[in-house]
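The values are calculated or read from the model by the stated rules, or taken from the named source; none is laboratory data. Predicted model, so just to flag it, every value in this text is computed and none were measured. Counting neighbours? That spans all protein chains shown, and the Cβs are built from the backbone with ideal geometry, glycine included. Note: accessible area is taken over every heavy atom of the protein model, side chains too, but ligands, DNA and RNA are not part of it. Shrake-Rupley method; radii C 1.70, N 1.55, O 1.52, S 1.80 Å.
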Amino acid sequence: MLALGAIAHQSVLTAFGLRRAAYPFRHGALHELPDGLVLADSYHCSRLNRNTGTLTPEMFEAVFAALANRPGTQL
């Protein structure tokens, strides 16, 4: 799963009943969740984040590359 922003990240953890402290949000982080699920974090691709350079196209693409390079991952 790809969480676009901290709110989405926290919502996934809440939906699965997981502790937020155990899976801190960080752009580019890949979190191993129970049952073999992976939660990937990215800053939200809002205009504000793009215009301020908080999220660049290269940073966004790197998250997908990290997911694609995981064994057994299908995009």
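Structure notes:
- Carbon plus sulfur fraction of accessible area for the chain, probe 1.4 Å, in percent: 56
- Spin-label model, Ser46/Arg20: points 7 Å from Cα along the beta carbon direction are separated by 1.6 nm.
- Per-residue ellipticity at 222 nm computed for the chain from its helices equals -10000 deg cm²/dmol, with DSSP H segments shorter than 4 residues left out and the rest contributing -39,500 (n - 2.57).
- A simple spin-label model places pseudo-atoms 7 Å from Cα toward Cβ; at Ala29 and Ala62 they are separated by 1.6 nm.
- Solvent exposure of the chain as accessible area per residue, Å², 1.4 Å probe: 66
- Sequence-distant residues sharing a close amide H with Ala40 (under 5 Å, placed H): Leu2, Ala3, His31
- Scaled radius of gyration (Cα, divided by 2.2 N^0.38 Å) that the chain gives: 1.10
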